[in-house]
Amino acid sequence: MFLELGLGAVFAAVTSLIACRLVIAAKLVDVPDVARKAHRNPTPTSGGLGIALGFGAGLLAANVFSTPDWRAQVGVEGFARLSIATVMACAFLALGFLDDARPLGPRTKFAVFVALAIGAVLSVGPVETLPLGGNVTLELGFWLGLFGSGLFVFTLVNCVNFMDGANGLAMGSAAVGLATLAAIGLLAGAPGVGAMALCGAGALAGFLVWNFPNGRLFAGDSGALFAGALAALASLLAVHQAGLSPLLAPVVFFPLLADVLLTLAWRVRQRRRILNGHAEHLYQIALRSGMSHARIALIYWAAMAACGVVAVAAARLDASGLAWGTYAPLAALVALALVWLGISAAARKVARVRGLGEV
């Protein structure tokens, strides 16, 4: 199992590396036409095409080199879910590429986004139960589960897109999160989850060679939406196939989710329109303070890795059979939320004192 997945990840990284170089040669550029963009010169974009090619090559290699035992462990249903999830991730890629080439109207984009989020959930199955710990489980049923799971996909994909404003930040963070899901899947004996997550992480690693730290290629909306969709769908697969608590899926990608959601909550509190473009995320404040793209990305990667360790530990406790261990997912999520609230409040206070804009 480990050999197949390792080869898949290597193939994904190498293919993505080469494909992204071809994307640079195609000279599709992102022009800095709005003030909130962090770059100042036209830069090659749509690196998502290279990421997607790398991901596909990785999955194909993992399947070609797999053994009958590995294929039997994934199972027919597992392969079906993995295939459909890949198709849905590519649908997000197509939406992002269209938006890169010719920006869609906000209503059209929102409607397509909602449709894709619901379709993505239907492709792998909604989460219909929410265990809180002990013997307490919320029975959501199909429709509420579909709404909640669709909201998770919609939110995470958008969060990855919103955070794609500093070299390496969003794509590297998504790669770390996918590596965490791969570890959870392998520890739980769910190779399908491991394959999707590890090939996704490998493809993102190949892209980062061109993006981090100097930004020679941007992922574009195509890359951000594709990476976000991989993260969201791999999370749902981990819930279904690896027994991951639904409460731990947001823990795995907590820094991305928390920065975006708390920023939007702060804008609501300040009575500002949340749908208007802005530059008030914590990473944008850090950029205005003079911190480099590389340093900011490394901080977020470290935060993602720390959350990954917490998620893996909580998942193991949840599966340990200990009565108190079932409370670990909820405790982890609440603890991280409290920590991030403190970090966000402190960062905005310092930014106000230093006059770094409306924060």
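Name the residue, out of Val260, Val239, Val193, Val252, that is within 21 Å of Ala311 (Cα to Cα) and in contact with a Pro (Cβ under 7 Å, 6 or more places away or on another chain). Criteria check complete, one pass: Val239.
Within 20 Å of Ala238 (Cβ to Cβ), touching a Ser or Thr at 6+ places or on another chain (Cβ under 9 Å) and free of Cβ contacts under 8 Å to residues at least 60 places away in the same chain, is that true of Leu330? In short, no.
For the range 85-105, a residue qualifies if it is surrounded by fewer than 20 Cβ atoms within 10 Å (Cβ to Cβ) and at pLDDT below 90, and the qualifying residues are Leu98, Asp99, Ala101, Arg102, Pro103, Leu104, Gly105. Looking only at residues in the range 313-332 that are surrounded by fewer than 21 Cβ atoms within 10 Å (Cβ to Cβ) and touching a helix residue (DSSP H, G or I) at 6+ places or on another chain (Cβ under 6 Å), the one that is modelled with the highest pLDDT is Leu317.
Take the conditions (1) over 17 Å from the mean Cα position of the chain (by Cα); (2) over 14 Å from Leu5 (Cβ atoms); (3) among the aliphatic types (A, V, I, L, M); Ala52 misses just one of them, which is (1).
Restricted to the range 336-358, and to residues there that are without any contact (Cβ under 8 Å) to a residue 24 or more places away in the chain and of a type outside the set (Val, Ile, Thr), the residue that is nearest to Asn135 (Cα to Cα) is Leu338. Read through the list (1) touching a Leu at 6+ places or on another chain (Cβ under 8 Å); (2) more than 18 Å from Leu187 (Cβ to Cβ); (3) of a type in the set (A, V, I, L, M, F, W, C), then give the number of the only condition that Ala331 fails. (1) is the only condition that Ala331 fails.
Scanning the range 204-227 turns up one or more residues that are among the small types (Gly, Ala, Ser) and at positive phi. Take the conditions buried (at least 24 other Cβ atoms within 10 Å of the Cβ) and out of contact with any Leu (no Cβ under 8 Å at 6 or more places or on another chain) and apply them to Ala234. Does it pass? Spelling it out, it is not the case that Ala234 is buried (at least 24 other Cβ atoms within 10 Å of the Cβ) and out of contact with any Leu (no Cβ under 8 Å at 6 or more places or on another chain). Looking only at residues of the range 290-307 that are touching a residue at least 40 places away in the same chain (Cβ under 8 Å) and over 17 Å from Ala201 (Cα atoms), we find that the one that is least open to solvent (accessible area, probe 1.4 Å) is Ile296. Could you say whether any residue in the range 113-122 is over 18 Å from the mean Cα position of the chain (by Cα) and among the aliphatic types (A, V, I, L, M)? Yes, some residue in the range 113-122 is over 18 Å from the mean Cα position of the chain (by Cα) and among the aliphatic types (A, V, I, L, M). Report, by residue number, each residue of the range 237-273 that is open to solvent by 10 Å² or more (accessible area, probe 1.4 Å), under 25 Å from Leu122 (Cβ atoms) and over 16 Å from the mean Cα position of the chain (by Cα). The answer is His240, Gln241, Ala242, Gly243.
Each residue in the range 128-177 was checked for being without any contact (Cβ under 8 Å) to a residue 40 or more places away in the chain, within 30 Å of Tyr283 (Cβ to Cβ) and of a type in the set (Asp, Glu), and 0 of them qualify. Here Ala203 meets the list (1) more than 20 Å from Pro329 (Cβ to Cβ); (2) among the small types (Gly, Ala, Ser); (3) open to solvent by 10 Å² or more (accessible area, probe 1.4 Å) almost entirely, failing just condition (3). Here Gly148 meets each of (1) open to solvent by less than 10 Å² (accessible area, probe 1.4 Å); (2) of a type in the set (Gly, Ala, Ser); (3) assigned to a helix (DSSP H, G or I) with one exception, condition (1). Inspection of the range 129-141 finds no residue satisfying the criterion of being buried (at least 20 other Cβ atoms within 10 Å of the Cβ) and either at pLDDT below 95 or under 21 Å from Pro246 (Cβ atoms) (or both). Going residue by residue through the range 284-293, is there one that turns out to be closer than 28 Å to Val312 by Cβ, of a type in the set (Val, Ile, Thr) and at pLDDT 85 or above? No, the range 284-293 contains no residue that is closer than 28 Å to Val312 by Cβ, of a type in the set (Val, Ile, Thr) and at pLDDT 85 or above.
The values are calculated or read from the model by the stated rules, or taken from the named source; none is laboratory data. Computed from a predicted structure; not experimentally measured. Reconstructed Cβ throughout: ideal geometry from the backbone, glycine too, with neighbour counts over all protein chains shown. Remember, those area values only see protein heavy atoms, side chains included, never the ligands or the DNA or RNA. Shrake-Rupley method; radii C 1.70, N 1.55, O 1.52, S 1.80 Å.
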